[in-house]
Amino acid sequence: MLSTMQDGPLSLAILLEYGATFQSAATVSTWTGDGLRTMTFGELGQESARLANALRSLGVGKDDRVGTFMWNNNEHMAAYTAIPAMGSILHTLNIRLFPEQLIFIANHAEDKVVIVDGSLVPMFAKYLPSLKTVRHVIVANGDAASLEAPSGVEVHSYTDLLASQPDTFDWPDIDERSAAAMCYTSGTTGDPKGVAYSHRSMWLHSMQVCASNGMALSDADTTLAIVPMFHAMSWGLPHASLMAGASIIMPDRFLQPEPLLAIMAAEKPTFAAAVPTIWQGVLARLAVAPQDISHLRDVVVGGAAVPPSMMRTFDDEYNVRILHAWGMTETSPLGSVARPPAGTSGDEAFAYRITQGRFPASVQARLVGDDGSVLPNDGKALGELEVRGPWITGSYYSPDGAKIDPDKFDNGWLRTGDVGTISPNGYLTLVDRSKDVIKSGGEWISSVDLENAVMGHPAIAEAAVFGVPDEKWDERPLVAAVLREGAEADAEKLREFLADKVAKWQLPERWAFINEVPKTSVGKFDKKRLRAQYADGELNVINLS
Ligand code: AMP
């Protein structure tokens, strides 16, 4: 028997109309360096209508891809809301990618229009002649005349283009399964791969961001959205904010610890989101310039493992709770969030909080062993994490229908490439990326565990661990460590420090002290680059064995 229930489409046009009317007093603001430029969600609705009318006037229609090459700011927010709501597809371009990757991505997605931030015009100008399908470039927050247009391309000023447009738009009915937005993986191996989110997946994902066991976003919140809108949809915060009526502050290009702390001092956000390296920088700054940040009810941190020592510092010194979360571009991105189970406290709760988190009902998860067998969720068996659900991608975007990387999918499950355990009550603990696992004498050493242990030393700012060939054990860990400014420590002392923290056979004998851990375009440790530096003899390795 079919149900009697209506089948209302989960469309981002409906979400925009809701936010712009029933949550019209909430705001989106952009940091200018010494204050905010603010729009209410009501005004965002009008701005989105003007942008949609402007794009329509340039010939942008259903399913056309509109790229953004922008910082987090009000204009990017308008692109986030207007483009999917008009039935076109928002394509966020990662400004930190290598030129050839960015060109590949924009051509692969066949972007027709790109909205570019004025401050990024000099960078974008280098790519533009290689973008084969782009016909219009819209420059926001800057001088359109400074961008020279190749033949066949028109350059417009965002302000001028929108000025004469009506502030209403007849938002279309949209099939909830159609694509609303696209994002490419950062592509540390092979070509970047495109994920196309649907209206339905983004709606459901927004509900999870708002859920109390997700990020618990509500109209009482003001979020500092540090996580870039050009990476994994800023973890779903822009659309979830519309749903929750939560105000959102965009840091624009001011992503260094000092301006971030200035925003916090001035605006007292209740919630913030960023990768661990951003928070490491904020902590280092706070150590020399203390400031009360206890207005933050929660800080969601993910994209890479949160060192437990960092979580402790936030708890003990700043009275701010870090919520550790796991996800991927392919998972919209929110997968799991590490809220401890009700009734736990103290060390028991802390042990849950440093996991990658508990899966919600909509993200089914399982572990698969080397032989393809499904492993038990007993908190001990180590395997590759596979997930499926309504906001997990089922394939990669391909313009001609060819299957891209089919081995990343296993009978309807996404193979994440992450290796870890799942506890009986659904908490994920990651030990590594499958490609980063260190196998020493046939046993696995978790690079993440070693990194966390080393980063627990007060003299260490950051540390990355990767496997290097070893005659006797096949592979052994090498620690590439960065000392805090003015701090001193040598390999021997650090190894001693680890002695009661990891098993004896896991104690690393190879150490290199470096100035900075190289990072990928999305702020993760770039172990591929570290391995290459090691292979090229660029690391000065101390061997204690
Ligand atoms: P991306 O698609 O660029 O967001 O990268 C996704 C990958 O980041 C995941 O597959 C993990 O390897 C890693 N990652 C994300 N969150 C975490 C976390 N909390 N702890 C450890 N690794 C993480």
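We did not get these values from a lab; they are worked out from the coordinates using the rules stated. This one's a predicted model, so the numbers in the text were calculated from it and none came from an experiment. Neighbour counts run over all protein chains shown; Cβ positions are idealised from the backbone, glycine included.
Which whole-Hz couplings ³J(HN,Hα) result when phi for each residue of the stretch 488-495 is put into the Karplus expression 6.51 cos²θ - 1.76 cosθ + 1.60, θ = phi - 60°, listed in order with x for Gly and Pro?
Here the 3J(HN,Hα) series is 10, 6, 10, 4, 4, 5, 5, 5 Hz.
Express in nm, to one decimal, how much length is gained between residue 531 and residue 167 on full extension, taking 0.36 nm for each residue of separation and deducting their alpha carbon distance.
Numbers: separation 364, 0.36 × 364 = 131.04 nm, distance 5.31 nm.
Fully extending the segment from residue 531 to residue 167 adds 125.7 nm.
State the three equivalent ellipsoid semi-axes of the stretch 131-271, derived from the C-alpha gyration tensor as the square roots of 5 times its eigenvalues, in descending order and whole Å. Mind dumping the intermediate values first?
On the way: eigenvalues 163, 99, 72 Å².
Sorted largest first and rounded, they come to 29, 22, 19 Å.
Report the Cα centroid-to-centroid distance between the stretch 348-397 and the stretch 480-545 in angstrom, as an integer.
Here the answer is 29 Å between Cα centres.
Please express the Cα-Cα pair-distance distribution P(r) of the stretch 1-91 as a list of whole percents, one per 10 Å bin, running from 0 to the bin with the greatest distance.
16, 42, 28, 10, 3, 1, 0
Would you mind giving the three semi-axes, in whole Å and largest first, of the ellipsoid equivalent to the stretch 436-543 according to its Cα gyration tensor?
Its equivalent ellipsoid spans semi-axes of 19, 18, 13 Å.
Given contacts defined as C-alpha pairs under 8 Å and at least six residues apart, what's the relative contact order of the stretch 436-543, whole-number percent? Walk me through the numbers on the way to the answer.
Numbers: 175 pairs, mean separation 25.6, N = 108.
It comes to 24 percent, rounded to a whole number.
Amide H of residue 157: which non-local residues (sequence gap of 5 or more, or other chain) have their own amide H closer than 5 Å, using H built in the peptide plane?
Placed amide hydrogens put 139 under 5 Å from residue 157.
Could you give the size of the charge dipole of the chain about its Cα centre, using +1 on the Cβ of each K and R and -1 on the Cβ of each D and E, expressed in debye and rounded to the nearest 20? Show your work: numbers first, answer last.
Values: 45 positive and 66 negative charges, 69 e Å.
Charge dipole, the chain, about its Cα centre: 340 debye, nearest 20.
Take 60, 541 and order them by how many other Cβ atoms sit within 10 Å, fewest up front.
Working: 60 22, 541 16.
Listed from fewest to most nearby Cβ atoms, that is 541, 60.
Tell me which residues come under 5 Å, amide H to amide H, from residue 438 once H is placed; ignore anything under 5 positions away on its chain.
Under 5 Å from the amide H of residue 438: 445, 447.
Given 0.36 nm per residue, what is the gain on full extension from residue 505 to residue 292 after removing their alpha carbon distance, in nm? Can you show the working numbers first?
Details: separation 213, 0.36 × 213 = 76.68 nm, distance 4.23 nm.
Net length gain for the segment: 72.4 nm.
Scan around residue 375 for amide H atoms under 5 Å from its own, H built in the peptide plane at 1.01 Å from N, and keep only partners 5 or more places away or cross-chain.
Here the answer is 367, 368, 369, since their amide H atoms fall under 5 Å of that of residue 375.
So what is the relative contact order of the chain, in percent, for Cα pairs below 8 Å that sit 6 or more residues apart?
Numbers: 1152 pairs, mean separation 55.5, N = 545.
Value for the chain: 10 percent.
I need 490, 436 ordered by Cβ neighbour count within 10 Å, fewest first. The partial results should precede the final answer.
On the way: 490 14, 436 21.
Fewest-to-most ranking of 490, 436: 490, 436.
What's the Cα-based Rg to Rh of the chain, Rh via Kirkwood?
Working: Rg = 23.4 Å, Rh = 24.3 Å.
Ratio of gyration radius to Kirkwood radius for the chain: 0.96.
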